[in-house]
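> First the structure, which I've put down as structure tokens, then a few questions once you've had a look.
Throughout, read-outs are computed from the coordinates displayed, never taken from laboratory work. Note that the structure is predicted; figures quoted are calculated from it, not measured. A quick note on method: Cβ atoms are made from the backbone with ideal geometry, for glycine too, and the neighbour counts reach across all protein chains shown.
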Amino acid sequence: MSKQSTESAIKQSDALRPQARSADAIRLGFLVWDVSRLWRVVLDRALKPLGVTRSQYCVIAFLARRDGMTQTALAADLDLTKVAVGGLLERMEAVGLVKRRADETDARVRRVYLTRKGTRMTQRIRELADPIEQQVLAPLADAELGAAIQSLAAIKGMLLELGEAGNGAEPD
């Protein structure tokens, strides 16, 4: 192959890269969405005997990591309206999974805490979810799992930056 035809082939390849990358981005976005959907379906099925809905599971999971979150922060993290979270928390409070209290410094702010029953439910959820997660991730070697986590964390970081920029806030 001549030098000129090699350079021409490289230019054509470079010209196709943005289109290929765009198609890969679409495929990756759909794959992430589909994996998330399927993961939720499998977890929903496993958690059904506990009588916990997906929404309740998400509240419990967030509070297990950051007990005492405000209702507003919980709504933002769950991508739900404040009214929807309020109704969800009412139902969870009625069955004894959470307790809402006024903030100590601002009575307008309501904080949400897991009760003892909610904490026990967290443990029962983990007991059911851990084996499923192990099975789901079994096909990946440790290095592949680490790379996947690193890649998704980088993508998440960029999405958070873009989200902040779209809200008029300056990205970090």
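> What net charge is computed for the residues neighbouring Ile132, neighbours being all others with C-beta under 12 Å from the C-beta of Ile132, Lys and Arg scored +1, Asp and Glu -1?
Numbers: positive: Arg40, Arg45, Arg126; negative: Asp44, Glu127, Asp130, Glu133.
After counting each charged neighbour, the total is -1.
> If I model a spin label as a point 7 Å beyond the Cα along the Cα-Cβ vector, how far apart are those points for Arg100 and Gln135 in nm?
The two pseudo-label positions are separated by 3.7 nm.
> Further question: P(r) for the stretch 20-76: what percent of alpha-carbon pairs falls in each 10 Å bin, starting at zero?
For the stretch 20-76, the binned pair fractions read 20, 32, 31, 15, 2 percent.
> Turning to a different aspect of this structure: How much of the pair distance distribution for the stretch 65-109 lies past 18 Å, counting alpha-carbon pairs only, in percent? All intermediate terms of the calculation are to be shown ahead of the outcome.
Details: 260 of 990 pairs.
Considering the stretch 65-109, 26 percent of its Cα-Cα pairs are separated by more than 18 Å.
> What is the calculated FRET efficiency for Arg126 to Arg40, with r their C-beta to C-beta distance and R₀ = 25 Å, to the nearest 0.05?
Details: r = 16 Å, r/R0 = 0.66.
FRET efficiency, Arg126 to Arg40: 0.95.
> Starting from the coordinates of the alpha-carbon atoms of the stretch 3-139, obtain the Kirkwood hydrodynamic radius over all distinct pairs and give the value in Å to one decimal.
Working: mean 1/r = 0.0554 Å⁻¹.
For the stretch 3-139, inverting the mean 1/r across all distinct Cα pairs yields 18.1 Å.
> Could you work out [θ]222 nm for the chain from helices alone, using -39500 (n - 2.57) per DSSP H run of at least four and dividing by all its residues? Round to the nearest 500 deg cm²/dmol. Walk me through the numbers on the way to the answer.
Values: 6 runs with 125 residues, N = 172.
The per-residue figure over the chain is -25000 deg cm²/dmol.
> Sort 117-124, 53-60 for me by packing, meaning the mean count of neighbouring Cβ atoms within 10 Å per residue, highest on top.
Numbers: 117-124: 16.2, 53-60: 18.6.
The packing order, highest mean first, is 53-60, 117-124.
> With each pseudo-label sitting 7 Å past Cα toward Cβ, what's the Leu145-Gln19 distance in nm, one decimal?
It is 4.0 nm.
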